[in-house]
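Report on the following structure.
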Amino acid sequence: ELCRRARTEVAVIEVGLGGRFDATNLITPLAGAITTIGFDHQQHLGHTLAEIAFEKAGIIKPGMPIVAGWLPPEAMEVVRRVAHERAATLVEAARDVAVDASSADGAFQVTLRTANGTYGPVILALRGEHQVHDAAVAVRLLEAARQGGVNITTGAIEAGLTSAAWPARLERVWMPGGRQLLLDAAHNAEGAAALASYLARWHPERPALVVGVMRDKDTAAIVEPLLPRVRSVVATAAPTPRALP
């Protein structure tokens, strides 16, 4: 109803939790994507990657194109099976996109080649090596939408890659005096590993870590990868009942 009133031409809908029983499952999309699968929300989605993948694969509708990112083998196996059962067209970005990438100061310059076109070289607006993989998924998803009738040009795709903004995802903020603040919302093991990798490569000076965690998260899985990459830790809590003291 909101989209209809706003006369939305194209909507990108993110699943809230899982997929199989999420409210967004009411939508019949042109195409879908599963970018990654890791351990999060286990109390709702299951305790193995295969179980979580089954819940995530719940977004796959009969006959729809579905783009999968760099998934763990046991998770990809489940996605392949569900896609086959539902006669969905599965695109595996790791196989179907040739990626050339180089980096400087945490930003990546990439050229992405698919069977349908070449994109770049462009400098990705979003920082971190994992964004190179996500860019490949995004390109294949946009190509699927284009084949579904959405008018998306190569120039528009390249513009999106170079101008996307995502607050608190390796977001660099310059402070007075030239000091630097890095904001990241890593809230599971995979997110923390990506942040730790970024810090190891681009911040060998080991910055101070200020961290707050919600009480339903795996605190150790988030904090432990970061400890070798920082020089000190300040633990704090957001003003919400969900926050861990």
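Express in nm, to one decimal, how much length is gained between Ala6 and Thr153 on full extension, taking 0.36 nm for each residue of separation and deducting their alpha carbon distance. So the extension gain works out to 50.6 nm.
Sorting the segments 130-142, 87-99 by their residues' average number of neighbouring beta-carbon atoms within 10 angstrom, most packed first, yields 130-142, 87-99. Per-peptide packing, taken as the mean over residues of other Cβ atoms within 10 Å, places 15-28, 100-113 in the sequence 100-113, 15-28 from highest down. The residues of the range 94-175 present an accessible area of 51 Å² per residue when probed at 1.4 Å with all protein chains retained. Angle of helix 154-163 to the longest C-alpha principal axis of the chain, folded into 0 to 90 degrees and rounded to 10: 20°. Rounded to whole Å, the principal axis extents of the Cα atoms in the range 1-102 read 42, 38, 32, largest first.
Considering all alpha-carbon pairs of the range 128-193, what whole percent are spaced by more than 17 angstrom? It would help to have the intermediate numbers written out before the result.
Details: 1203 of 2145 pairs.
Everything past 17 Å amounts to 56 percent.
Highest-first packing order for the peptide set 118-125, 172-179, 149-156 is 118-125, 149-156, 172-179, based on the mean count of other beta carbon atoms within 10 Å. All Cα-Cα distances of the range 129-245, cut into 10 Å bins from zero to the largest, leave 12, 34, 28, 19, 8, 0 percent in each bin in turn.
Of the beta bridges DSSP finds with both residues in the chain, what % are antiparallel, to the nearest 5? Among the beta bridges of the chain, antiparallel pairing accounts for roughly 65 percent.
Probe radius 1.4 Å, ligands and nucleic acids ignored: give me the carbon and sulfur share of the accessible area of the chain as a rounded percent.
56
So, R0 is 30 Å and r is the distance between the beta-carbons of Arg179 and Thr111; what FRET efficiency does that work out to, to 0.05? About 0.30, to the nearest 0.05. With all pairs of different C-alpha atoms in the average, the Kirkwood value for the hydrodynamic radius of the chain is 19.7 Å. Start at zero, step by 10 Å, and the Cα-Cα distances of the range 84-198 spread as 12, 39, 32, 14, 3, 0 percent across the bins.
The values are calculated or read from the model by the stated rules, or taken from the named source; none is laboratory data. Nothing here was measured: the structure is a model prediction, and the numbers come from that model. Backbone-built Cβ (ideal geometry, glycine too); neighbour counts: all protein chains shown. Side chains included, ligands, DNA and RNA excluded: accessible areas come from the protein's heavy atoms. Shrake-Rupley method; radii C 1.70, N 1.55, O 1.52, S 1.80 Å.
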